[in-house]
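Taking it in order: structure first as structure tokens, then the write-up.
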């Protein structure tokens with residue numbers, strides 16, 4: 001086998017936002033990540049799926065400089081998270097699973113704080129705080145304390161606080177957990193918008209529908225290892241996946257469904273045309289509308 | 001209804017039993033503090049009684065004769081006193097380093113040998129250590145009497161007739177009668193000695209409980225007083241007169257205030273103690289927000305910004321110090337206005353002490369925050385440590401009434417040094433630097449500063465290990 005020329009290797013590497021080889025991390029005797037390999041290309045959106053304890057959050061924490069790996073090589077945007085922390089942090093954004101905001105500060109005070117700590121100053125800082133409030137739909141509530149916000153409002157603020165410095169790569173750790181469908185939809189649209197703008201995303205969630213809708217590629221993890229990886233189509237074609245599914249008939253877009261059903265019936269195959277069954281969230285949004293519901297948590301005494 | 005209440009009771013008991021902090025506050029803290037208070041107040045574990053505390057007294061022998069040496073050895077033999085023979089005892093007492101200082105004047109031995117009245121011994125006392133002073137006089141009285149009685153007969157009798165305000169004409173006869181009875185006085189003094197020993201032991205046992213009310217008594221202490229001065233009615237009680245009869249002149253050293261107002265040891269101690277203890281509680285609680293931020297995830301978010309890094313801990317240090325300074329300013333301003341605590345007397349020294357204590361207390365708070373895993377764990381541990389440090393460091397009651405090993409143990413706590421600094425400034429009127437007449441508070445300030453630096457270094461190391469690499 002011919003060795004890969006250095007120029008080709010460098011060119012490939014430069015197109016990788018994340019490159020991980022043999023990543024390992026153990027907490028005490030419990031292995032959290034065991035020999036994980038992972039590549040994410042620039043501008044790509046990777047969905048990281050797995051049950052609780054699969055190692056998703058640990059992997060994100062290592063990639064985002066919060067945790068040191070025990071073994072393996074990690075390059076994020078060409079930098080080593082363990083060695084180049086400050087340089088890397090100015091180029092990445094992390095939306096944590098927890099609502100990591102100061103509840104005793106106002107919405108705009110939270111954004112100003114994190115914006116300033118991300119290196120923004122003066123007019124640029126004010127401009128980005130304004131953008132954050134608009135994106136989160138909280139312009140009217142800019143002077144409200146976060147403690148007065150509903151769960152959905154906090155989640156939206158939690159998201160934009162990680163995006164103020166316009167990072168090239170964003171890690172999102174269950175960003176829509178525990179919010180109402182309107183806020184989830186709003187959050188999701190914001191995430192889609194930043195991805196369309198060319199930002200690389202690594203997205204973990206338990207909501208499979210979100211990954212289907214957003215991610216170019218999916219990695220399924222369990223017990224610290226990668227079980228499968230690829231596009232949704234690639235995963236659907238996996239032998240162990242196909243073995244567990246029933247069979248179906250796929251028609252081309254625009255096919256005359258009534259005619260196809262009639263032909264099938266002529267050949268003794270029972271068939272009828274029905275409208276596509278919407279999922280529950282679509283039903284909920286159709287009935288309650290897509291507008292944000294920003295009621296605060298304050299309970300009248 | 002009862003069944004439901006019992007079900008809820010079982011639920012609460014289960015939850016309580018699994019809450020280590022609650023168990024700590026319910027069971028461990030009161031027992032631990034009870035043990036400390038009991039030991040401090042003179043009780044011993046298992047009914048054994050603790051070793052009697054010793055009162056530190058300095059003796060200066062200006063006479064240097066066999067008779068004065070004899071007196072020094074007699075004073076040394078008093079078990080309840082820790083005697084140090086040294087020069088400059090007045091300064092030691094004025095500095096607050098000793099509860100009392102006895103000076104044997106030159107000519108003392110010659111006068112005794114020749115049978116004439118010896119010059120007065122001088123006992124310097126610190127009015128801020130009134131209980132120790134009382135114990136000291138009780139212990140010294142019989143010894144001094146025994147040592148000086150033989151040469152004091154005529155002076156004693158003259159003083160007695162003077163005090164009794166007898167007519168001049170009849171004094172001679174009465175003096176003769178009294179001298180005739182003199183030998184019986186020695187027998188009486190044996191009884192006095194025994195009673196004094198009993199009183200001293202009692203005074204020592206009650207010292208702690210009296211400490212709280214000492215402030216009121218100290219308030220009445222004039223700047224420099226003689227213990228044999230008549231009271232408001234012009235009469236002198238026998239206990240007040242006794243030292244004079246023995247040729248002992250007592251001088252209470254209380255530095256005069258520039259504004260002429262009387263100095264209050266009680267108020268000085270109270271505001272020093274509040275400055276020390278309450279600051280610790282507040283700062284440790286505030287430093288605990290570090291653990292809260294970790295639990296809430298905001299600390300990680302700060303760490304994820306390119307500019308935070310270790311500035312997180314530095315920021316906590318600065319804000320805790322700022323809060324400490326604000327608290328001290330409010331406290332001392334109130335003390336100055338409401339209790340005439342002399343905060344303006346040595347303002348630079350007070351500012352330096354406030355800064356040093358704010359630094360040391362903030363560093364201690366950060367040490368707690370970085371050493372503990374959870375806020376609840378920190379609350380339990382810090383409460384115990386702060387209360388113990390306050391007890392042995394002299395914030396609850398003056399250190400000199402504590403057993404000797406307690407006093408020594410107190411020196412490893414920042415509380416003792418902070419109390420020395422604040423009380424030294426507010427009561428003894430010390431500045432930062434020593435003067436020919438008075439010591440300064442430089443040593444406590446240096447100890448607080450260096451101790452704070454060490455605690456801060458450990459806190460930074462723990463932060464790096466437990467917060468940044470976790």
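Summary table
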{"item": "Checking residue A:111 against (1) more than 17 Å from residue B:307 (Cβ to Cβ); (2) more than 9 Å from chain B (Cβ to nearest Cβ), the condition it does not meet", "result": "(1)"}
{"item": "Filter pass, residue B:286 being within 14 Å of another protein chain (Cβ to nearest Cβ) and either within 14 Å of residue B:362 (Cα to Cα) or at pLDDT below 90 (or both)", "result": "yes"}
{"item": "Enumeration of residues in segment B:72-98 that are surrounded by 22 or more Cβ atoms within 10 Å (Cβ to Cβ) and in a helix (DSSP H, G or I)", "result": "B:89, B:92, B:93, B:94"}
{"item": "Residue list for segment A:133-155, filter: surrounded by 16 or more Cβ atoms within 10 Å (Cβ to Cβ), away from chain B (no Cβ under 14 Å) and under 21 Å from the mean Cα position of the chain (by Cα)", "result": "A:133, A:135, A:136, A:137, A:152, A:153"}
{"item": "Residue count, segment B:286-324 (criterion: crowded, with 16+ Cβ neighbours inside 10 Å and part of a helix (DSSP H, G or I))", "result": "22"}
{"item": "Qualifying residue in segment A:67-84 (condition: away from every other protein chain (no Cβ under 14 Å) and more than 24 Å from residue A:56 (Cα to Cα))", "result": "no"}
{"item": "Test: residue A:258 is assigned to a helix (DSSP H, G or I) and within 26 Å of residue A:150 (Cα to Cα)", "result": "no"}
{"item": "Among (1) part of a helix (DSSP H, G or I); (2) buried (at least 22 other Cβ atoms within 10 Å of the Cβ) - the single one residue B:101 does not satisfy", "result": "(1)"}
{"item": "Residue count for segment B:421-462, restricted to those that are farther than 19 Å from residue B:89 by Cα and either touching a strand residue (DSSP E or B) at 6+ places or on another chain (Cβ under 8 Å) or in a loop (DSSP other than H, G, I, E, B) (or both)", "result": "3"}
{"item": "Extreme residue, nearest to the other protein chains (Cβ to nearest Cβ), among residues of segment A:98-108 that are buried (at least 18 other Cβ atoms within 10 Å of the Cβ) and closer than 21 Å to residue A:202 by Cα", "result": "A:100"}
{"item": "Number of positions in segment B:330-367 that are free of Cβ contacts under 8 Å to residues at least 24 places away in the same chain and within 16 Å of residue B:267 (Cα to Cα)", "result": "7"}
{"item": "Complete set of residues in segment A:195-206 that are surrounded by fewer than 19 Cβ atoms within 10 Å (Cβ to Cβ) and within 12 Å of the chain's Cα centre (by Cα)", "result": "A:206"}
{"item": "Residue in segment B:350-373 that is part of a loop (DSSP other than H, G, I, E, B), more than 14 Å from chain A (Cβ to nearest Cβ) and closer than 30 Å to residue A:82 by Cβ present", "result": "yes"}
{"item": "Qualifying residue in segment B:349-356 (condition: surrounded by fewer than 16 Cβ atoms within 10 Å (Cβ to Cβ), at negative phi and touching a helix residue (DSSP H, G or I) at 6+ places or on another chain (Cβ under 8 Å))", "result": "no"}
{"item": "Within segment B:1-42, helices (runs of 4 or more DSSP H) holding 2 or more residues that are in contact (Cβ under 8 Å) with a residue 40 or more places away in the chain", "result": "B:20-23, B:29-40"}
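Residue-by-condition table, conditions (1) more than 14 Å from chain A (Cβ to nearest Cβ); (2) over 12 Å from the mean Cα position of the chain (by Cα):
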site: B:403; (1), (2): yes, no
site: B:433; (1), (2): yes, yes
site: B:436; (1), (2): yes, yes
site: B:445; (1), (2): yes, yes
site: B:451; (1), (2): yes, yes
site: B:455; (1), (2): yes, yes
site: B:466; (1), (2): no, yes
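The values are calculated or read from the model by the stated rules, or taken from the named source; none is laboratory data. Not measured: the values here are computed from a predicted model. Neighbour counts are summed over all protein chains in view; Cβ atoms, including those assigned to glycine, are modelled from backbone coordinates with ideal geometry.
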